[in-house]
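Chemist: My questions will all concern the structure given below.
What follows is calculated from the coordinates using simple rules that are stated; it is not laboratory data. Here the structure is a predicted model, which means the values were calculated and not measured. A quick note on method: Cβ atoms are made from the backbone with ideal geometry, for glycine too, and the neighbour counts reach across all protein chains shown.
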Amino acid sequence: MWQVDRWVETNETVWDCEEVRPPCTPNGESCALSKCCSEPGSKCYKKNDYWFACNQTCNPYYMWKDGGWVKTNETVWDCEEIRPPCTPNGESCALSKCCSEPGMKCYKKNDYWSSCNQTCNPNYLWMETGWVKTDDTHWDCEVITIDSTDVSTDSDAGNAADAVASTDSECSPNGESCAQTMCCSEPGAKCYKKNDHWSSCNQTCDPFSVWEVDRWVVTNETVWDCEEVRPPCTPNGASCALSQCCSEPGAKCYKKNDYWSSCNQTCNPNYLWMETSWVKTNETVWDCEDLTVSPVESADPIADAEAEDEKGTCSQDGASCALSQCCSEPGSKCYKKNDHWSSCNQTCNPYYMWKDGGWVETNETVWDCEEVRPPCSQAGESCALTQCCSEPGASCYKKNDYWFACNLTCDPNSMWMEDRWVKTNETVWDCGVIAIESTDNATDAADTDAPADSASSSDASTASACSQNGESCAQTMCCSEPGAKCYKKNDHWSSCNQTCDPLSLWEVDRWVVTNETVWDCEEVRPPCTPNGASCALSQCCSEPGAKCYKKNDYWSSCNQTCNPNYLWMETGWVVTNETVWDCEDLTVSPVESADPIADAEAEDQNNTCSQNGASCALSQCCAEPGSKCYKKNDYWSSCNQTCNPYYMWQVDRWVETNETVWDCEEVRPPCTPNGESCALSKCCSEPGMKCYKKNDHWSSCNQTCNPNYLWMETGWVKTNETVWDCEVITIDSTDVSTASDTTDSASSSDASTSSVCSPNGESCALTKCCAEAGSKCYKKNGNWSSCNQSCDPNSMWQVDRWVTTDEAVWDCEEVSLPCSPNGASCALSQCCSDPDSKCYKKNDHWIACNQTCDPNSMWTEGGWVVTSEAVWDCGEHIIDGSEASQNLWDWLLHLFGR
């Protein structure tokens, strides 16, 4: 039984365990939904986009006529076989009988469950976060994987018997297809590609050999591609038992036991993974044998010799570092020679060539000399090898000898628990900062003598979040000294300084003014931050209307508003009695343009919405009632009551011209998804939703609003207090009908927001449903859709009646709401996107899609819990055909009281 967040075994029968899925289809019937056939040997064949049917065979030229198949001269059937998509790991493959991930098989557990995995052990049981070995038999381990539907070409007809990889063993025997297994069972054999339809295991591969009857025959044509087929290298944490190589730089494939091997940077025999972190134990958990194999060899033996890397974590001097991207000897760096070779050395000279045991200078460019480095690490990832962080302002902090990670700050007493930091009384982190020197080198000779640009200071120090004056700020994008900014010199150098003069050059110990442009002087700043992320460095927000609010000395975040007493708990804000946020606004103006005229136009006011005459390009809203944000061009938008394309502001008044000056497109914030604040946009992105006001600090999109409901963690809870104001602040759509649509009644040119669905004659482009029984939402063109009982493409509304014309006026395509996903309300759509699900009623306020319905089940936090009371009505609300509109109307009347 599922309780709160885990399965608990009971002594009673809780689950029937019968798998509910669409029955497979008998021959002659549509198999578009089931994608499987009930009669043995039959397959689901595609005829066209509108029909799929089950049959034993398929001939493209046959047509069913008068009770029998008739051969024609035209292509009638597509004959593509339709199958359920192959299943990812962990999901049921009982229906698909194939697995989407390479090397996986569909193993049977019992009559109720089959799942994809690389191996199967009958005594293993999945417990919470890992497999546990038991004394009982849990899995049947029968392989029920079916053959691929790939069809070989005529040239491979002789290999028809070999066209599918054997599923009797983990890897393929010689002579069998290894296209799916990508590995070979016989020692020394490799999986070689012949063409797009066939790959096979063999000891060697000759491109000119062809198999005839019982032997290989050499031909004059290329028969085999001979590319070695291997499983893709594995990311950290995933099984590398088959691939035996790792996708992340510096990681190796370590063996745990006979059933599991995984990629990681290091391996400690006594460490055990518990939920979200490694825990040291007194027992040997990992074997730690390194199973990593060399990458696939190139067809060019010379390139192979150059590209072969050492098996150590980092490479020795003179050895290839193309894969390791790091060097084991102090002071050495990995330098690129060309696309086929990179090597470790203390220095790099482009004109030097290694010859007869020593370096010889030549007149040609031999080495590229670009430093090869692993990509900087993301937040939370190990930076033990990279020693740099991809996020601006983050540093690589040491936890202990086994773990280093990127973060903006480091608190020795903080521990990561599940999904957040928890303060402890013990020292958890060492917090020492490790960093490597930058590889950026100035290319112009003038930089080589300048101490500010010298190699010894070519990068910002990572000992602090921001860079000192004279140091590189290309990565930190911020400066530690007050008043200093990060200015760009060229693509290879940016530095912190108080000012920037494009014509100044640093010589020895001072700036010298020249006649040439030396500095670009563009200010380099971190990108503005999305809502919920730290804006401590960027001090600007990417979402319109949001500001960077300070919580404390360790955290600042972007949001539309800030309430000092609000605390974020899992999935929502909770009001507390304590001051949680400082709420100081840290937002700074955007980076100034080099063009002062463009700066004057682009400057936005600090208000949430803009005043008339001021730029509203960022705020996308206007502070004065009745004003709108109109676009002039790509560089300027401004607030005004009206907009005339031919008007130009001169000195102190508007002057009419003969040219188009303003675009006059209204600029508005994008409509808001459910659960986010719609205080500024005043419109909702999901059909049927309205923007309801809660209080002066919050408004949100939803289908309905109950003043006494409060959102608690993962669901609405009814209270005795008034929580929501429930005032509808939704504004009309800004869609403008074309001139040809003005006759469709100007008074009803937009969808009504006073009801969920639209009355006849009004726009239903947004609501996608009609309020009057029997009406449907028909599309006229890209600018207008309207509700009516029927639709005639040649009818036009004139004054007070429909008039038939000789031209097509209406598209007449029916516009409808998309079917709802599981867990979402299906009150309006009345259908479910999952073919196995139905629309079930809970009560008068909620109906939702699910595969089954148990009246006594209640959703709490992350799972269903069985209760002693009836929670769901479980009445089925799927409708179709001519009853759809009437039933929808009856439901809306009942739900909204209209």
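Chemist: Go ahead and run the numbers for FRET between Met712 and Glu659, Cβ-Cβ distance against an R0 of 60 Å, rounding to 0.05.
Modeler: 0.55
Chemist: Now for a separate question. Give the lysines reachable from Lys194 as a straight Cα distance under 26 Å; neighbours fewer than 8 places away on the same chain don't count.
Modeler: Qualifying lysines at Cα under 26 Å: Lys105.
Chemist: Here is a follow-up. Given contacts defined as C-alpha pairs under 8 Å and at least six residues apart, what's the relative contact order of the stretch 185-228, whole-number percent?
Modeler: Relative contact order of the stretch 185-228: 40 percent.
Chemist: In addition: Once you place label points 7 Å from the Cα toward the Cβ at His845 and Asp582, how far apart are they in nm?
Modeler: 4.0 nm
Chemist: Roughly speaking, what is the stretch gain from Glu212 to Glu507, that is 0.36 nm per residue apart minus the C-alpha to C-alpha distance, in nm to one decimal? Write out the running numbers ahead of the final one.
Modeler: Details: separation 295, 0.36 × 295 = 106.20 nm, distance 7.64 nm.
Extending this stretch completely gives an extra 98.6 nm.
Chemist: For a 21 Å ceiling on Cα separation, which of these pairs sit above it: Lys682/Lys780; Lys690/Lys768; Lys133/Lys256; Lys631/Lys682; Lys547/Lys682; Lys47/Lys71?
Modeler: Lys682/Lys780
Chemist: Could you check the spin-label model distance between Trp7 and Glu283? Points 7 Å from the Cα along Cα→Cβ, value in nm.
Modeler: Taking the two extended label points, one gets 2.2 nm.
Chemist: How many nm separate the modelled label positions at His197 and Glu74, each set 7 Å beyond the Cα in the direction of the Cβ?
Modeler: Each label point is offset 7 Å from its Cα along the Cβ direction, giving 2.9 nm.
Chemist: Would you calculate the convex hull of the Cα atoms in the stretch 13-114 and tell me its volume per residue in Å³?
Modeler: Considering the Cα atoms of the stretch 13-114, their hull volume per residue is 137 Å³.
Chemist: Assuming R0 = 60 Å, can you tell me the calculated FRET efficiency for the pair Glu186 and Asn48, based on Cβ-Cβ distance, to the nearest 0.05?
Modeler: Once the sixth-power term is evaluated, E becomes 0.85.
Chemist: Between Asn781 and Met127, 0.36 nm times their residue separation minus their Cα-Cα distance comes to what?
Modeler: 229.9 nm
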